[in-house]
Amino acid sequence: MTIPDPAAFIRANTRLQPVPHAPEISLWLADEITPIWRMTEEELGELGLPPPFWAFAWAGGQALSRYLLDNPHEVTGKRVLDFAAGSGLVGVAAMQAGAASVLCADIDPFCQAAVAANARANDVALDFTGQNLLDRPPPAVDVICAGDICYEKPMTEAVLAWLAKARTAGTRVLIGDPGRTYFPRSGLDFLAEYRVPTTRELEDQEIKRASVWALP
């Protein structure tokens, strides 16, 4: 799967705009999901691809970003992993909150270019890996942030098991979620809830309740 120029694709199909619930941050985002989804399939020459998560500021990530900006002690001076980073929104928030370093991880072939563009737009430094981290032990970082990871049952179970290993090893694990179907209803510590502006393009409501949790 080869993409001739993902950075050019992002510039042509998104625009730089403030994140609704974290306006300190601006990202290259799409306004509508269907056109960019279709163009992504055309660019990659493949049908039935998952949505271009990197092109939107999802509610769970917005909540987690707001939490980090309002509670910088969680990441100040620490090594942070933004897992399933998408646009890199949470990674940008962590750096703005004073993180020592942030590694953004995502297997979507557009994400490296999206994270790089969004890092430049916000004048922060973000590292990136496109490797599937679930295939190996969790990395030696101080904090793992994971927003909007509970879309599908098998993936949710795999990610939560991997995050539990990280927590057992001493890593702080923060999760942002707007009440997805497969989000666990117990076994987590509640930290904050926000009313996050979104659109009916992405969600079933224009204001979505999204919460931030920590693995105990």
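The values are calculated or read from the model by the stated rules, or taken from the named source; none is laboratory data. Here the structure is a predicted model, which means the values were calculated and not measured. Virtual Cβ from ideal backbone geometry, glycine too; neighbours counted across all protein chains shown. Only protein heavy atoms, including side chains, enter the accessible area calculation; ligands, DNA and RNA are left aside. Shrake-Rupley method; radii C 1.70, N 1.55, O 1.52, S 1.80 Å.
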Review point. Candidates [x] 0.98; [y] 1.02; [z] 0.93; which is the computed Rg/Rh (Cα atoms, Kirkwood Rh)?
Key: [z]
Review point. Taking Cα centroids, how far is the stretch 138-216 from the stretch 47-106 in Å?
Key: 12 Å
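Remind me, relative contact order of the chain in percent, using alpha carbon pairs under 8 angstrom and six or more residues apart? The partial results should precede the final answer.
Working: 459 pairs, mean separation 41.6, N = 216.
Relative contact order, the chain: 19 percent.
Please report the carbon-and-sulfur percent of the accessible area for the stretch 98-216; probe 1.4 Å, protein heavy atoms only, DNA, RNA and ligands left out. Let's see the in-between values first.
Numbers: 2930 of 5900 Å².
Here it works out to 50 percent.
For the stretch 17-170, what is the accessible area per residue in Å², given a 1.4 Å probe and the full set of protein chains? Can you show the working numbers first?
Values: 6460 Å² over 154 residues.
Solvent-accessible surface per residue comes out at 42 Å².
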Point to revise | Protection proxy ranking, peptides 187-194, 148-155, 113-120, average beta carbon neighbours within 10 Å, highest first | key: 113-120, 148-155, 187-194
